Amino acid sequence: MRPADLNPWRKNDFSVTVTPSNIVRIATRASALAMWQARHIASLIVAQSPATSIELVEISTTGDRVLSQPLRDFGGLGVFTREVQVAVLDGRADLAVHSLKDLPTETHTDLTLAAITERGLTADALVLPQNRVDAAGPLPLAPGAKVATGSPRRQAQLLAQRPDLELVEVRGNVETRLRKLDDGEFNAIILACAGLERLGLGHRISRRLSAPLMYPAVGQGAIGIECRANDVATRTLLASITHAPTWAAALAERALLAKLRAGCHAPVGVSSALAGSLLSLEAVVLTLDGRRRWSAAARGSVNAPAALGAAVADLLLQQGADVGR
């Protein structure tokens, strides 16, 4: 299904409670990584506005509660962001902090993506068990090895390189997934380098999987902050913590995803880079089994990132790329 079919928002009237101007309430998931991100954003805000007091509003999302099913089986789109967004819409919070790769390109009309902070590592990580003796090569895995990842993007790219691998779904927070790995439930797991580094677990990275072996997700490594579209004060505050190069790259990537009409969990990978006033964007689309692959790349002005993203998407669509299979 396409994002238009999956758009969860209905026409609701949200009653907003206004707090004193020196208090900023941040809605966030309650996982360790999400809390790190929320506290990081809080520190950036306080650095810009020392008189500001921060309150964290912890939210349980559908993706956190439903751990027995693959994400795509119960909607996928927005399962880690929707309830956090509602907390802003109904006034329990002033802004919402998200892993940008989880944030759908279509959102409620009363919300706006107001800031994207400086990006962390974009690469994925191959993580092996702690007692595993490392081997050579980018994918040091035995034939038929069992690799855990619930991401269709990662699955498709792994199968394109190693069709012999057995891919298994895994859910839960990072610590839980690492414990399952070390207990021998599978031979390796794929996680985001940025998340591991932010949790102080960078030492667990066995291999960094970068393009062209593994293209990252749209927005990977970046943190996005939403607020109410009509909240001028909060929008102004968030503009002061936005990292302009990351903003441009992320907008190009998200424009590509929107033009492809692909969700956050589609087998689409991207790589972007900024050189002076030029922004380059490369993207791949794969079938879920990894047997077919389309790629396209272009460069454009850093001042028109959305146009660049749309142009690369057009190149992919002209080749017949299909994110629905």
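Centroid-to-centroid, using Cα positions, region 152-167 and region 219-295 are 23 Å apart. With a cut-off of 12 Å between beta carbons, the residues surrounding residue 231 carry a summed charge of 0, where Lys and Arg count +1 and Asp and Glu -1.
Number of Lys-Lys pairs in the chain with C-alpha atoms under 25 Å apart and a separation of 8 or more places or on different chains: 4. Estimated from helices alone, the mean residue ellipticity of the chain at 222 nm is -9000 deg cm²/dmol (sum of -39500 (n - 2.57) over DSSP H runs with n ≥ 4, per residue).
Given their separation in residues at 0.36 nm each and the Cα-Cα distance between them, residue 54 and residue 90 gain 11.1 nm when the chain is fully extended. Each DSSP beta bridge with both residues in the chain is either parallel or antiparallel, and the antiparallel ones are about 70%.
Most fluctuating residue of 57, 46, 24 in a GNM of the chain with Cα springs under 10 Å: which is it? Residue with maximal mean-square fluctuation among 57, 46, 24: 46. Computed on the chain, with alpha-carbon pairs under 8 angstrom and 6+ residues apart, the relative contact order is 21 percent. The length gained by stretching the chain between residue 47 and residue 235 to full extension, at 0.36 nm per residue less their Cα-Cα distance, is 66.1 nm.
I'd like the accessible area for residue 122: 1.4 Å probe, protein heavy atoms, all chains in place, Å² to the nearest 10. We get 50 Å² for residue 122.
The values are calculated or read from the model by the stated rules, or taken from the named source; none is laboratory data. Quick caveat: nothing in here was measured; it's all calculated off a predicted structure. Glycine gets a Cβ as well: all are built from the backbone with ideal geometry, and neighbour counts include every protein chain shown. Accessible surface is based on the protein model in full, side chains and every heavy atom, while ligands, DNA and RNA are left aside. Shrake-Rupley method; radii C 1.70, N 1.55, O 1.52, S 1.80 Å.
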